[in-house]
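Engineer: Here you go, one structure.
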Amino acid sequence: MTKPRAVVYRQIMEHSPDDTIHGSISRILEGRTIIIGLTGSVAVMRSLEIARELIRHGAAVLPVMSRAACEFIGPKLVHWATGNTPVVELSGANEHVALAGNSSSRADLLLIAPCTANTIGKIASGIDDTVPTTFATTALGQGIPILLAPAMHEPMYHNPAVLRNMEITREFGIGIIEAPVIEGKAKMADTQYVVDACIRGITGRQSPLAGRSVLITAGRTVEYLDPIRVITNNSSGKMGVALARAAYHAGADVTLVYGKGTVEPPQGVRVVRVESAEEMMNEVLVRTKPDHNETDILIAAAAVGDWKARNPDTRKTPTNGMTSLQIDLVPTPKIIDAVRTQNTKVRIIAFRAQHRLSRYDLTADARARMLRAGADMIAVNDVSVQGAGFETDTNQMIILLPDGTEIEIPLASKISVATRVMEAAATYLL
Ligand SMILES: Cc1cc2nc3c(=O)[nH]c(=O)nc-3n(C[C@H](O)[C@H](O)[C@H](O)COP(=O)(O)O)c2cc1C
């Protein structure tokens, strides 16, 4: 009996992911297969890093290479990095159909990173005389999502034919991950951005959050006592930034109102920078006006300071000879309360950080806060718990709903926790 093509193909390409890194960041791509196409650009040296990050999120990565790519980097190294033998030429196993065609073993996404001007041009005109372009032709006809991460010298990137070809591929529904121009080169986008775009390309197709507007506050606010000194807190912004990234992964249109934080906001997300609680509130209020339907869900994850100086000093407060200083503090505005007062429809997810409370007190306090604010959901955590809280890369929390539902999210990376929050939002709030 003839073996199915996919079985034959698997025998050629035995998939053996590196167990030490598989799923080490998150499991969001678990069970997903991504074909990574490598083409003839110097940026191919970064493809391995991208492939391994995708594996760290749980994906299986199958490499395919153009002849030019093989001149830049050896297939053995690509095999090592992905755990899979790269396809460097097509054989009687019909690799392109088995992996990107109408076969049960087809991949979830084709990423070509880096993508040369030459390959973009060929895809735009339906030419497939290299391995990556044959995979692109097949994947496009099959409806498998395709992403291209261009890399080339700046003059090539500005070439009218290349620009037109990129436009044509966009019209085909192919995603272009824009290359920032640095040192006269359109360099392949950041690894993190490429990985985020891949996750969005796969999970964003199925999530109820796809196309929804999600507004997120993150980081800490800062209140000036004088032009130099401030009152603030220890929030790093990591959790809020992870939430913005998770919402982006889910296909949402994301705006991040970001105070001070130690982490860069994700690319692909609109970022509005603020300092004080009042500035943060104003930016949120303007985006949650009633009847504008500009925001479907507000996620209030920022650590907003509770106090500010009644009369901040306009010059640096002198300290010479002083043994004490009295500062008159007044409360800052409560952002979620103000939003709910002006807009009864927008879904609100509140966040509450507590310190050293029993589980009972933690949830009772959070529930009371949720009801007082008219929030639709509240996520609460105790920042005194080891590995959960302000500057850590991990977190754990409990999500509460007004109907009494409680969802326990155990200790995990902040991005994994954020993904669980988005799943809860998609399940209960839409
Ligand atoms: C050292 C070197 C670097 C190159 N870098 C790029 C590049 O970054 N982007 C690009 O579009 N072409 C680049 N090229 C040109 C491509 O390798 C060439 O167009 C090749 O035909 C691409 O084939 P492929 O698209 O099938 O991989 C480079 C060529 C050389 C020799």
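The values are calculated or read from the model by the stated rules, or taken from the named source; none is laboratory data. Fair warning: this is a prediction, and the values are worked out from it, not measured in the lab. For neighbour counting, all protein chains shown are included, and Cβ atoms are generated from backbone atoms with ideal geometry for every residue, glycine included.
Engineer: Can you confirm whether region 113-123 contains a residue that is assigned to a helix (DSSP H, G or I), buried (at least 20 other Cβ atoms within 10 Å of the Cβ) and more than 9 Å from the ligand (Cβ to nearest atom)?
Structural biologist: yes
Engineer: Collect the residues in region 45-66 that are buried (at least 24 other Cβ atoms within 10 Å of the Cβ) and assigned to a strand (DSSP E or B), keeping them in residue-number order.
Structural biologist: V61, L62, P63, V64, M65
Engineer: Another question, then. When you check E264 against the structure, is it among the charged types (D, E, K, R), surrounded by fewer than 21 Cβ atoms within 10 Å (Cβ to Cβ) and within 23 Å of the chain's Cα centre (by Cα), yes or no?
Structural biologist: In short, yes.
Engineer: Now for a separate question. Go over the candidates V162, V194 one by one and state the one that is within 18 Å of the chain's Cα centre (by Cα), assigned by TED's automatic domain parsing to the domain that holds T39 and touching a residue at least 24 places away in the same chain (Cβ under 8 Å).
Structural biologist: Exactly one of V162, V194 is within 18 Å of the chain's Cα centre (by Cα), assigned by TED's automatic domain parsing to the domain that holds T39 and touching a residue at least 24 places away in the same chain (Cβ under 8 Å), namely V194.
Engineer: Something else: Does G83 satisfy being in contact with an Asp or Glu (Cβ under 7 Å, 6 or more places away or on another chain) and away from the ligand (no atom under 16 Å from the Cβ)?
Structural biologist: yes
Engineer: Of all residues in region 197-223, how many are under 20 Å from P180 (Cα atoms) and free of Cβ contacts under 8 Å to residues at least 12 places away in the same chain?
Structural biologist: So the count comes out to 0.
Engineer: Among the residues of region 84-112, which ones are touching a residue at least 60 places away in the same chain (Cβ under 8 Å) and either assigned to a helix (DSSP H, G or I) or of a type in the set (A, V, I, L, M) (or both)?
Structural biologist: V87, A93, E95, V97, A98, L99, A100, A107, L109, L110, L111, I112
Engineer: For region 86-106, name all the residues that are closer than 14 Å to Q142 by Cβ and within 16 Å of the ligand (Cβ to nearest atom).
Structural biologist: Answer for region 86-106, where residues must be closer than 14 Å to Q142 by Cβ and within 16 Å of the ligand (Cβ to nearest atom): just H96.
Engineer: (1) in contact (Cβ under 8 Å) with a residue 40 or more places away in the chain; (2) surrounded by 15 or more Cβ atoms within 10 Å (Cβ to Cβ); (3) not polar (S, T, N, Q): which one isn't true of R369, the others all being true?
Structural biologist: The one condition R369 does not meet is (1).
Engineer: Of the residues that sit in region 136-157 and are in contact with a helix residue (DSSP H, G or I) (Cβ under 6 Å, 6 or more places away or on another chain) and near the ligand (Cβ under 9 Å from one of its atoms), which one is farthest from L90 (Cα to Cα)?
Structural biologist: Within region 136-157, the match that is farthest from L90 (Cα to Cα) is M156.
Engineer: Please give the strands (runs of 3 or more DSSP E) falling wholly within region 207-309 in which 1 or more residues are within 26 Å of I327 (Cα to Cα).
Structural biologist: Per the criteria, 307-309.
Engineer: Which one of these is within 14 Å of L215 (Cβ to Cβ), in the same structural domain as E408 (by TED's automatic domain parsing), surrounded by 17 or more Cβ atoms within 10 Å (Cβ to Cβ) and of a type in the set (V, I, T): V383, V284?
Structural biologist: One residue alone meets the criteria, V284.
Engineer: Also: Show the residue pairs that are 6+ apart or on different chains and have beta-carbon atoms under 6 Å apart, the first residue being within region 127-145 and within 12 Å of L110 (Cα to Cα), the second being among the charged types (D, E, K, R).
Structural biologist: T133/K122; T134/D128; T137/D128
Engineer: Ok, one more. Give the residues of region 68-113 that are closer than 22 Å to L48 by Cα and either of a type in the set (V, I, T) or not assigned by TED's automatic domain parsing to the domain that holds L147 (or both), sorted by residue number.
Structural biologist: Once the filter is applied, which keeps residues that are closer than 22 Å to L48 by Cα and either of a type in the set (V, I, T) or not assigned by TED's automatic domain parsing to the domain that holds L147 (or both), region 68-113 yields I73, V78, T82, T85, V87, V88, I112.
Engineer: Scan region 124-135 and give yes if some residue there is more than 11 Å from the ligand (Cβ to nearest atom), within 22 Å of M45 (Cβ to Cβ), buried (at least 19 other Cβ atoms within 10 Å of the Cβ) and not acidic (D, E), otherwise no.
Structural biologist: yes
Engineer: Now, a different point. Across region 67-83, which residue is farthest from Q192 (Cα to Cα) among those that are surrounded by fewer than 24 Cβ atoms within 10 Å (Cβ to Cβ) and in contact with a Pro (Cβ under 7 Å, 6 or more places away or on another chain)?
Structural biologist: Per the stated criteria, the residue is P75.
Engineer: Which condition from (1) in a loop (DSSP other than H, G, I, E, B); (2) farther than 24 Å from L215 by Cβ; (3) not hydrophobic (A, V, I, L, M, F, W, C) is the one that Y360 breaks?
Structural biologist: (1)
Engineer: Answer yes or no: is there a residue in region 66-78 that is touching a Lys or Arg at 6+ places or on another chain (Cβ under 9 Å) and either under 26 Å from M166 (Cα atoms) or away from the ligand (no atom under 14 Å from the Cβ) (or both).
Structural biologist: no
Engineer: Another question, then. For region 192-205, does any single residue satisfy the condition of being within 13 Å of the ligand (Cβ to nearest atom) and either buried (at least 19 other Cβ atoms within 10 Å of the Cβ) or within 30 Å of L430 (Cα to Cα) (or both)?
Structural biologist: no
Engineer: Which pairs turn up if I take residues in region 27-39 that are within 15 Å of A139 (Cα to Cα) and look for partners that are crowded, with 24+ Cβ neighbours inside 10 Å and of a type in the set (F, W, Y) with beta carbon separation below 9 Å, at least 6 apart in sequence or on another chain?
Structural biologist: Once the first residue is within 15 Å of A139 (Cα to Cα) and sits in region 27-39, its partners that are crowded, with 24+ Cβ neighbours inside 10 Å and of a type in the set (F, W, Y) give I35/F135; G37/F135.
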